[in-house]
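Engineer: This structure is in C-alpha cells; I'll ask about it shortly.
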Amino acid sequence: MSFELPPRHGPRPETTDCAPHEQVSQNSSAKIHALFKEKAFALPFVERCWSGISVPGAEALVLPVAHACGPREAFMIGREFAHVHPAHDGSSHLMLPPSVIEELIAKGWGEPHPMARLGYIPATAVMAFAPRDENEVDVMLRLLTTSWDFARGKLANPAPVHIHG
C-alpha cells in the first residue's frame, strides 16, 4: 500500500509518556478543533459516542456491526477505531496499518501509543498530533480516513472469488 504524507513543520509537540496519553503543547485552537471534529464525524457509517477507552470527554468513532469488517488490530476496543481527545488536547488516537505508522512517525505527524509499545494494546495504535491549521486538518482527515478504511476491511483487495455451479 502506497501512502505518503507531507512533512509536518516545526518541532514535535510535547506528549505524556504514559496513560492517559495526551498532547500538552501545540494544541489546536477551538476553531480548528471544532472543524476537525465536524469533518471527522461526517465519515459515512460512523457512530459518534463517548470513547470506551479514553479520557472523559473523548469522542469515539465507532462502526456499526455490519461495517466493522477489518482485522482485530484495526480496533481499540469493541468497534471503536479512533477517538478525538477533548479540546484542551486536540490529538487523536487511531488504529493504522504498520506501513502508514512508519510514514506517520517519519514525517512527524504522530507517535506510537505508549500502551502499544508495552504490548497492552495492538501495535497499530498511534497518536496523531492535533491539527494547528486547516491544512493540517486535511492531513489528519487523510490519516483518519485510512484508519476508517482499515476498520472497514477496505485496505486489502483480495482476489475475486468465483463460484462455479
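The values are calculated or read from the model by the stated rules, or taken from the named source; none is laboratory data. Bear in mind the structure is a predicted one, so any value in this text is a computation, not a measurement. Note: ideal-geometry Cβ built from the backbone for every residue, glycine included; neighbour counts use all protein chains shown. These area figures cover heavy atoms from the full protein model, side chains too; ligands, DNA and RNA do not enter into them. Shrake-Rupley method; radii C 1.70, N 1.55, O 1.52, S 1.80 Å.
Engineer: Taking the stretch 34-56, which residues are of a type outside the set (A, V, I, L, M), out of contact with any strand residue (DSSP E or B) (no Cβ under 8 Å at 6 or more places or on another chain) and open to solvent by less than 60 Å² (accessible area, probe 1.4 Å)?
Structural biologist: Matches in the stretch 34-56: none.
Engineer: Considering each of ARG152, ARG117, ARG132 in turn, give the residue that is among the charged types (D, E, K, R) and modelled with pLDDT under 95.
Structural biologist: On inspection, the qualifying residue turns out to be ARG117.
Engineer: Please work out if ALA128 is open to solvent by 40 Å² or more (accessible area, probe 1.4 Å), touching a helix residue (DSSP H, G or I) at 6+ places or on another chain (Cβ under 7 Å) and in contact (Cβ under 8 Å) with a residue 12 or more places away in the chain. Quick ask: steps written out before the conclusion?
Structural biologist: Working: open to solvent by 40 Å² or more (accessible area, probe 1.4 Å): no; touching a helix residue (DSSP H, G or I) at 6+ places or on another chain (Cβ under 7 Å): yes; in contact (Cβ under 8 Å) with a residue 12 or more places away in the chain: yes.
Here the answer is no, as ALA128 does not meet what is asked.
Engineer: Say we look at the stretch 69-80 and pick out the residues that are aliphatic (A, V, I, L, M) and either open to solvent by less than 60 Å² (accessible area, probe 1.4 Å) or touching a strand residue (DSSP E or B) at 6+ places or on another chain (Cβ under 6 Å) (or both); which of these is modelled with the lowest pLDDT?
Structural biologist: Taking the stretch 69-80 and keeping what is aliphatic (A, V, I, L, M), we get 74, 76-77.
If we keep only those that are either open to solvent by less than 60 Å² (accessible area, probe 1.4 Å) or touching a strand residue (DSSP E or B) at 6+ places or on another chain (Cβ under 6 Å) (or both) too, we end up with 74, 76.
On the way: ALA74: 97, MET76: 94.
The selected residue is MET76.
Engineer: Sticking with this one: From ALA60, ALA40, ALA68, which residue is in contact with a Cys (Cβ under 7 Å, 6 or more places away or on another chain) and touching a residue at least 12 places away in the same chain (Cβ under 8 Å)?
Structural biologist: Answer to the check: ALA60.
Engineer: If you don't mind, another one. Pull up the stretch 86-109, narrow it to residues that are touching a strand residue (DSSP E or B) at 6+ places or on another chain (Cβ under 7 Å) and outside any strand (DSSP E or B), then point me to the one that is farthest from LEU144 (Cα to Cα).
Structural biologist: Pass one, the stretch 86-109, residues touching a strand residue (DSSP E or B) at 6+ places or on another chain (Cβ under 7 Å): 89-96, 101, 104-105, 109.
Filter once more, so that each one left must be outside any strand (DSSP E or B): 89-91, 96, 101, 104-105, 109.
Working: ASP89: 17, GLY90: 14, SER91: 12, LEU96: 9, ILE101: 12, LEU104: 12, ILE105: 15, TRP109: 12 Å.
Only one residue tops the list, namely ASP89.
Engineer: If you don't mind, another one. Exactly one condition in (1) in a strand (DSSP E or B); (2) of a type outside the set (D, E, K, R); (3) modelled with pLDDT under 95 is not met by HIS83; state its number.
Structural biologist: (3)
Engineer: Name every residue in the stretch 98-125 that is buried (at least 22 other Cβ atoms within 10 Å of the Cβ) and hydroxyl-bearing (Ser, Thr, Tyr), in order of residue number.
Structural biologist: The answer is THR124, and nothing else.
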